[in-house]
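Here the structure is laid out as structure tokens; the discussion comes afterwards.
The values are calculated or read from the model by the stated rules, or taken from the named source; none is laboratory data. Being a predicted model, the structure only gives us computed values, none of them experimental. Backbone-built Cβ (ideal geometry, glycine too); neighbour counts: all protein chains shown. Accessible surface is based on the protein model in full, side chains and every heavy atom, while ligands, DNA and RNA are left aside. Shrake-Rupley method; radii C 1.70, N 1.55, O 1.52, S 1.80 Å.
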Amino acid sequence: MTARAMRVPASWENRMRYLGAASLIAVLAIGLSVSTAIASGDPVKGKRVAKKCTACHTMNKGGKNRLGPSLYGIVNQPAAAVPGYRYSKAMKASGVVWTEPALSAFFAKPKKFMKGTKMSFRGIKSAQQRADLIAYLKTLGDTAPAAANHGDPTKGKVAAVEHCAVCHSFEAGGKLVFGPNLFDTHGKPAARDSDYDYSDALKSAGLVWTDANLTEFMANPEQFLKGTKARFPGVKDANTRADIAAYLRTLK
Ligand code: HEC
Ligand code: HEC
């Protein structure tokens, strides 16, 4: 797309007279969508590529960990988040979230992308095969009602002030109220703020905060995690929970 967009026509000046800035933007946008189409993969072909992985990974829901962790729901999940699997130190400390570009870079050359990973796999040279594989991986995972509703972060900010701000601050370095500061919590392991004295329940929960478990937690904290110090009645409305999760996601 860069090459296309950069190739400015010689008659640029003339064109500008006829095309408003708005149509110029439309032209660039078409260029962008074309490049996205090229980069997107074919999940059916991807399933074939995934045969390279199944010696070490299961991909079905509830699949067991083998030499590597189960890959069900891996796309957009933080690294090292599969329960019951012993990851390398490198993977645990990586702070990676498995977005599509991160997965593609990892699959190209695992040990180059992450020094110290214990995944012994040479990599997949073809960018198209990697895109196909990722398209397939995206088909694996739960579309929980809360996950299907991506939430509106602007509404979520308003709702967070109403429901959460008595106990939490949200800005980077914000003060501790009754609960921990919630800046950069989404996508990160639970109980990571070293200035805050968490309950043993949360410290030992081994959770990574995702849309799914945040919305579950917000619905009823004590039911979600027995022994948590977070005591509030919970947010009843599922859309409001999704909005708050979407807001938390923006705090990076
Ligand atoms: C020889 C065994 C082996 C093969 C083949 C293999 N993997 Fe892995 N994979 C592992 C191991 C072991 C880990 C854990 C790495 C660590 O902890 O550093 C891992 C980790 C991963 C992770 C990170 C998971 C997480 O929870 O953070 C992804 C994603 C992944 N593999 C995808 C793939 C895909 C896709 C393929 C096929 C193209 C593949 N792997 C092939 C052994 C393998
Ligand atoms: C009455 C006070 C109170 C209210 C209201 C409250 N929380 Fe909390 N929250 C806490 C406490 C206390 C903890 C620490 C829990 C523990 O250690 O078990 C906590 C922990 C959390 C955590 C875990 C943070 C981490 O570092 O792992 C998240 C996420 C969270 N709250 C989100 C929310 C959201 C979102 C709302 C609003 C919908 C909310 N809380 C409302 C008191 C509250």
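Details
- Just one of the numbered conditions (1) modelled with pLDDT under 50; (2) farther than 26 Å from H150 by Cβ; (3) surrounded by 10 or more Cβ atoms within 10 Å (Cβ to Cβ); (4) not basic (K, R) is not true of A10: (3).
- Filtered residues of region 129-141 (kept if at pLDDT 95 or above and exposed (fewer than 15 other Cβ atoms within 10 Å of the Cβ)): none
- Among (1) more than 8 Å from ligand 1 (Cβ to nearest atom); (2) more than 30 Å from R231 (Cβ to Cβ), the one test that V161 misses: (2)
- Selected residue (criterion: farthest from ligand 2 (Cβ to nearest atom)) from residues of region 118-142 that are among the charged types (D, E, K, R) and free of Cβ contacts under 8 Å to residues at least 40 places away in the same chain: K125
Matching residues to (1) within 22 Å of W98 (Cβ to Cβ); (2) part of a strand (DSSP E or B); (3) touching a residue at least 24 places away in the same chain (Cβ under 8 Å):
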position	(1), (2), (3)
D195	no, no, no
N213	yes, no, no
Q223	no, no, no
G227	no, no, yes
A242	yes, no, yes
K252	yes, no, yes
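- Residue match in region 124-136 (condition: part of a helix (DSSP H, G or I), near ligand 1 (Cβ under 7 Å from one of its atoms) and in the same structural domain as N60 (by TED's automatic domain parsing)): yes
- Selected residue (criterion: farthest from ligand 2 (Cβ to nearest atom)) from residues of region 55-86 that are open to solvent by 60 Å² or more (accessible area, probe 1.4 Å) and free of Cβ contacts under 8 Å to residues at least 12 places away in the same chain: R66
- Selection status of G187, at positive phi and open to solvent by 40 Å² or more (accessible area, probe 1.4 Å): no
- Any hit, region 92-111, residues being closer than 23 Å to G141 by Cα and within 16 Å of ligand 2 (Cβ to nearest atom): yes
- Residue under evaluation A246, criteria (1) buried (at least 16 other Cβ atoms within 10 Å of the Cβ); (2) of a type in the set (A, V, I, L, M, F, W, C); (3) assigned to a loop (DSSP other than H, G, I, E, B); (4) modelled with pLDDT under 95, criterion not met: (3)
- The set of residues from region 197-207 being surrounded by 14 or more Cβ atoms within 10 Å (Cβ to Cβ) and either at pLDDT below 90 or part of a loop (DSSP other than H, G, I, E, B) (or both) comprises Y198, S199, A205, L207.
- Here V166 meets each of (1) open to solvent by 40 Å² or more (accessible area, probe 1.4 Å); (2) in contact with a helix residue (DSSP H, G or I) (Cβ under 8 Å, 6 or more places away or on another chain); (3) aliphatic (A, V, I, L, M) with one exception, condition (2).
- Residue list for region 212-221, filter: at pLDDT 90 or above and open to solvent by 30 Å² or more (accessible area, probe 1.4 Å): F217, A219, N220
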